[in-house]
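One structure below.
The values are calculated or read from the model by the stated rules, or taken from the named source; none is laboratory data. What you see is a predicted model; the values in this text were computed from it and never measured. Note that we place each Cβ from the backbone using ideal geometry, even for glycine, and neighbour counts take in every protein chain shown. Calculation scope for accessible area: heavy atoms of the full protein, side chains included, ligands and nucleic acids excluded. Shrake-Rupley method; radii C 1.70, N 1.55, O 1.52, S 1.80 Å.
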Amino acid sequence: MRIQIRPTLVFGNKNAKDPAVVDLVWLTSLLKDIEHGKTLMSACKKMGLSYRNVWQKLNDVEEALGFKLMDRIRGHGSQLSEYARYLIQFTDDFDQKTMRLGQTSLSHLEEGFAQFRVKAKKQWRLASSSDPIIQKSVLDIGGFELITAGSGEALERLFNYEVDIAGFHVSDQQSSQIIAKRLKKEGMQIFPVMKRVQGLMIAKGNPHNINSPKDLLRPKIRFINRQKGSGTRLLLDTILTKEGIDPQGIKGYENEEFTHSAIAMAILAKKVDVGMGVKSVAIENGLDFIQLKDEIFFLAMGEDLSANRELAKLIRKIRALSGETPGYKSIGLNKQIAGWL
């Protein structure tokens, strides 16, 4: 973008809806060409303008100013009037006097435009199930607004066009196929990004001797759950159903938190004894971990966004971090999850 500050003449009442405007740099450049021996016709050709239009514009300027810019001398063409020479001198002086101020002002203006361009840069809305790698990747890449939501809520927001991208995790092939079928029907693209391990997080040294989901039924064991609609809550309910465990027999089943880290903090604070979470959060917080299930984490978005460079950076970042973090494994190819989509 090229920005210039140029002196301009504006004719007419200050409240006029469409005042006449003349660029003094353009006008004096034309006058200088004529002064240097060029005819009006040759000056117009040099500027790539219509002779008729320029002649009419000069007549309009002269009428607005109230004096002649050119004296027409029979047999000698046109010569500049003293008023025209004064206008040229004024414009040259204006350029010299305002050059330094103009450059400073332009610098400020360009800096301001740059800041607004940064602010105006599109921020893609990503609703995603809670995950530390997703959070770190979004923070590192930038350009994305992260909304923490359960897998089910994230997908529904995507279907309702409330967000641009949904991050969700699935622990069995049948559920994954059902979700993939609906996404494809809506014209969405699906990218597997990582595999992660879910399980029970417990205090270091396992003081309550918790070894399996059945131990959650013990009267003195205090449990804390994830919110309804989260993938982790769905995974737990699936495991309980498979093992014939009545969730109403679990003390604290109705108590909810919204992130893996919040579950870990509750255990560290000794408010509860056990909760569901990912292995990496347990390791990070010095907790013991009982592995229950592997699951696949996906990103879904509209087809138009699937080729976006910023999204590609985010996916690469997620895969890179998951490849170097305990409890995760990077997934970059659909063949690595054959039967899931």
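Structural remarks
- Solvent-accessible area of region 214-259 (1.4 angstrom probe, protein heavy atoms only): carbon and sulfur portion equals 56 percent.
- Surface share of carbon and sulfur [accessible, 1.4 angstrom probe, percent] for region 148-199: 45
- Each part reduced to its alpha carbon centroid, region 269-331 and region 176-236 end up 12 Å apart.
- Here the gap between L305 and F159, fully extended at 0.36 nm per residue and compared with their Cα-Cα distance, gives a gain of 51.1 nm.
- Length gained when the stretch Q135-I178 is fully extended (0.36 nm per residue, less Cα-Cα span): 12.8 nm
- Two-site label geometry, F94 and T238: point separation in nm, points 7 Å out along Cα→Cβ: 7.4
- Bridgeable aspartates and glutamates around K214 (alpha carbons under 16 Å apart, same-chain partners fewer than 8 residues away excluded): D237, E243, D246, D273.
- Cα-Cα over 25 Å, subset of K242/K279; K136/K242; K184/K279; K136/K313; K184/K313: K136/K242; K184/K279
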